[in-house]
């Protein structure tokens, strides 16, 4: 239910994801879920959010420079089966990373199941910041990862999932 996500930046070059996967594999850590995005889009979203709140912390020239530089990196978000071990490995290898709690739910791969879950979030007034998931064969189980704004309320709603 409540799981810990690890977010980190990797250089956006061939082989970097393989290096990360090898580190986890050699340590016996399984990656249960992963999503990768170009960091420049992530940074762009941060700038837009800060612009809307009118809380700029740097000049627009600085923002442009950061946005250009961020294209050289990818934002990785992942769930692993042994979070403490993964965190220790990342610290040892001096990766820059962060952790946060989120909701991970196994869902049946049937029409309407994702609708039922996301409807619960909406009915409780919980915004979903982002989501990623897996697909399995029809009738199998899928793992979906939700980053809600209110983790405590979300965890109470989905205790049965």
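General observations
- Sole exception among (1) outside the structural domain of residue 28 (by TED's automatic domain parsing); (2) within 30 Å of residue 11 (Cβ to Cβ); (3) exposed (fewer than 12 other Cβ atoms within 10 Å of the Cβ) for residue 94, by number: (1)
Residue-wise test of (1) in the same structural domain as residue 25 (by TED's automatic domain parsing); (2) under 25 Å from residue 16 (Cα atoms); (3) modelled with pLDDT under 95.
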position: 79; (1), (2), (3): yes, yes, no
position: 82; (1), (2), (3): yes, yes, no
position: 86; (1), (2), (3): yes, yes, no
position: 112; (1), (2), (3): no, no, yes
position: 119; (1), (2), (3): no, no, no
position: 133; (1), (2), (3): no, yes, yes
position: 141; (1), (2), (3): no, no, yes
position: 147; (1), (2), (3): no, no, no
position: 150; (1), (2), (3): no, no, yes
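- Among residues of the range 125-151, those that are surrounded by 14 or more Cβ atoms within 10 Å (Cβ to Cβ) and either out of contact with any strand residue (DSSP E or B) (no Cβ under 9 Å at 6 or more places or on another chain) or on the phi > 0 side of the Ramachandran plot (or both), counted: 1
The values are calculated or read from the model by the stated rules, or taken from the named source; none is laboratory data. Nothing here was measured: the structure is a model prediction, and the numbers come from that model. When we count neighbours, we look across all protein chains shown, and the Cβ atoms used for this are built from the backbone with ideal geometry, even at glycine.
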